[in-house]
Amino acid sequence: MTFSGWAGIGLYVVVLTLITVPLGGYLCRVFAGERTFLSPVLRPVEGAIYRLLGVDAQRGQDWKRYALAMVWFSLAGFVTLYALLRLQGFLPLNPAHLPGVGPDLSFDTAISFNTNTNWQSYAPEQTMGNLVQMAGLAVHNFLSAAVGIAIAIAMIRGFARKGARDIGNFWADVTRCVLYVLLPVSVLAALVLVWQGVPQTLAPAAHVTTLQGAAQVIARGPVASQEAIKMFGTNGGGFFNANSAHPFENPTAFSNFLEMLLMIAIGAALTNVFGRMVGQPRQGWVIYGVMLALMLTGVGVNYAAESTAPPVAALAAAPARIAPGGNLEGKEIRFGGAQTALFTTLTTDASCGAVNTMFDSMTPLGGAVPLVNILLGEVIFGGVGSGLYGMLAFAVVAVFTAGLMVGRTPEYLGKKITAREVKMAMIALLVAPFVILLGTALAVSIKAGLAGIANPGPHGFTEIFYAFASAAGNNGSAFAGLSANTPFYNVGLALVMIAGRFLFAIPLLAIAGSLAAKPIVPPSGGTFPTDGALFGGLLVGVILIVGGLTFFPALALGPIAEQFAMSAHHLF
């Protein structure tokens, strides 16, 4: 099966749109605690988990208790994963007898997988044994994704409820998400991936002899089970260092299409959940349309940039980049240019971080697309949950801007938006710019930061800039040219991941709590409509201005400067 050119991209959009409504309806029933087709099997398991935890699933929590539960749950996850990493050398299911992971790398990795970032400063097949891969990394792929989805559902409840004191129960939301959503789909997806050729085994690495007579060690393990939740939970951390460019993670054009569908499915469906829960389905479609328009723009720019060979005079200096197919360096030919551009755009739209090509080998303009996607706040579908609640933060700012224009108190979905909500939204939206720019400035100013770059000039700056953006956006992808397994980057990027996850989510939970307590005001003649193209255009403008212009000086030092240099026949 082939998915070539814009026809393949169009097929992807059609399939994604078709699954959005049924998946959105299913998610609504799950988080409302209603009966689903899986209830006869899973309801007893769900009840047993509540009894074990001592949780009353019917008892709601205000935003403070919800946020506190999230923090404690994440802290417990960090401690257990850190312990697994440090003690790996003493644990079973470690056929390669790999030692325990060092303290700074363990800290970085535990924070990374706990925040749904999955940034990897190491080669997984050479660093992690099967037990750590399964019981540590794969488990946190489920849990961190469930936390993000739970926060999004709590945020939606804030808009949907009136005069309420609670925004749901964190423990019930996470439990239902894992049992009814993430596990069933991941099991089915893993079986499909095994059918396509992805390994699923506990056997040790295979030792083979090549056609030239050389000895080769081929790493393998429980790959399919981790790959499925890696994509569906927008985690992105690969079993192999080459991630989804590795044939054991992504062997065929069909597996590539399936993985792209998995990584966007929940982010798209949550827009439908939003429309259903607030009782206005068109509101969800407006947000879906904004996300889709921004996504297709990124795909078009990346596809065009990578389909044209760079105008370099000295062909001998960069022969791999000058080819009839455009810029082919770092790309898997089995996927083709269109599907590579689509995967590149989607993985940074979705806060996934999985890659089927090397961003470091892209043209400056092509490489700017994934970078800008992250800098916009990871709201173009975004990570599971985080994309929607980030988009709703921009929506709050958008209606506030509209209110300033017409001299009215801003409203959104019948809720009065006051100074408290706007302040909380701006605090959340300014966290990422602050830590990204601060971290980048520090890294380019000291030897420990500069020692990691592989290229000089603006390209080296982009490698550092992208790393901090990826950490703050909880994306996890890298520009690949940065050697980040050092104490400076392991600790620095981990701190940025913490800020990008918790300092972003907690103010939005505060907004949810504030809005849930408010009454719903009937629309009047002066109410600004938020269910049409006008609001969609305003929302796009706010995203580009607030999320984009903040970083323009840094972009000018990186990919923009490199693009002009390339036009003058100079590569870095």
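Each value in this text was obtained by applying a stated rule to the coordinates, not by laboratory testing. Please read these numbers as outputs of a predicted model, since none were measured by experiment. As a convention, Cβ positions derive from the backbone with ideal geometry for all residues, glycine included, and neighbour counts pool all protein chains shown.
Tell me the relative contact order for the chain as a rounded percent, counting alpha carbon contacts under 8 Å between residues six or more apart.
So the answer I get is 19 percent.
Checking the a/c ratio against 1.5 first, then a/b against b/c, what shape does the Cα gyration tensor give for the chain? Intermediate results must be reported in sequence, preceding the final value.
Numbers: a/c = 1.59, a/b = 1.22, b/c = 1.31.
In terms of gyration-tensor shape, oblate.
What size of dipole, in debye to the nearest 20, comes out for segment 190-316 about its Cα centre when the only charges are +1 on Lys and Arg C-beta atoms and -1 on Asp and Glu C-beta atoms? Could the numbers behind the result be given before it?
Details: 4 positive and 4 negative charges, 60 e Å.
Here the size comes out at about 280 debye.
Among VAL101, GLY60, LEU84, whose Cα sits farthest toward the positive end of the charge dipole of segment 38-166 (+1 at Cβ of Lys/Arg, -1 at Cβ of Asp/Glu, about the Cα centre)?
GLY60
Please give, to one decimal in nm, the separation of the simple spin-label points placed at VAL406 and LEU495, each 7 Å out from Cα toward the Cβ.
The modelled label-to-label distance comes out at 4.5 nm.
How much length, in nm to one decimal, is gained on full extension between THR297 and THR210, taken as 0.36 nm per residue of separation minus their Cα-Cα distance?
Numbers: separation 87, 0.36 × 87 = 31.32 nm, distance 4.40 nm.
Fully extending the segment from THR297 to THR210 adds 26.9 nm.
Under DSSP H, which helices of the chain have Cα atoms covering 18 Å or more of the helix axis and a Kyte-Doolittle average no less than -1.0? Write down the numbers at each step before the final one.
Details: long enough: 5-31 (38 Å, 1.60); 39-53 (21 Å, 0.53); 63-86 (34 Å, 0.95); 139-160 (32 Å, 1.62); 183-196 (20 Å, 2.06); 253-277 (36 Å, 1.30); 281-307 (38 Å, 0.69); 336-349 (20 Å, 0.19); 386-406 (30 Å, 1.94); 419-443 (35 Å, 1.74); 457-472 (23 Å, 0.51); 504-516 (19 Å, 2.12).
Qualifying helices: 5-31, 39-53, 63-86, 139-160, 183-196, 253-277, 281-307, 336-349, 386-406, 419-443, 457-472, 504-516.
Using a Förster radius of 45 Å, what is the FRET efficiency between LEU11 and PHE572 based on their Cβ-Cβ separation? Nearest 0.05, please.
0.80
What's the Cα-based Rg to Rh of segment 134-242, Rh via Kirkwood? Could you put the intermediate results ahead of the total?
Numbers: Rg = 19.2 Å, Rh = 16.2 Å.
Rg/Rh for segment 134-242 comes to 1.19.
Please report, in debye to the nearest 20, how large the charge dipole of the chain is about its Cα centre when each Lys and Arg carries +1 at its beta carbon and each Asp and Glu carries -1 there.
Numbers: 28 positive and 23 negative charges, 337 e Å.
It works out to roughly 1620 debye.
Quick one: net charge around GLU249, please, counting Lys, Arg +1 and Asp, Glu -1 for every other residue with C-beta under 9 Å from its C-beta. Let's see the in-between values first.
Numbers: positive: LYS230; negative: GLU227, GLU259.
Here the count lands on -1.
For a quick check: with amide H placed at 1.01 Å from N, whose amide H comes under 5 Å from LYS416's, ignoring anything fewer than 5 positions away on the same chain?
Residues meeting the criterion, in which the H sits 1.01 Å from N, are VAL521.
Just need the relative contact order of segment 418-572 here, percent rounded to a whole number, with Cα pairs under 8 Å and 6+ apart. Don't skip to the answer; put the middle values down first.
Working: 133 pairs, mean separation 47.2, N = 155.
Answer for segment 418-572 is 30 percent.
Under a straight-distance cross-link criterion of Cα-Cα below 28 Å, which lysines are reachable from LYS230, leaving out those fewer than 8 residues away in the same chain?
LYS331
Around GLY377, with a cut-off of 15 angstrom between Cβ atoms, what is the net charge of the other residues, counting Lys and Arg +1 and Asp and Glu -1? Don't skip to the end; give the middle numbers.
Details: positive: ARG501; negative: ASP349, GLU378.
Taking every Cβ under 15 Å from that of GLY377, the sum is -1.
Find the eigenvalues of the gyration tensor of the Cα atoms of segment 94-173, then list the square roots of 5 times those eigenvalues as equivalent ellipsoid semi-axes, largest first, in whole angstrom. Don't jump to the answer; show the numbers that get you there.
Working: eigenvalues 260, 27, 15 Å².
In descending order the semi-axes read 36, 12, 9 Å.
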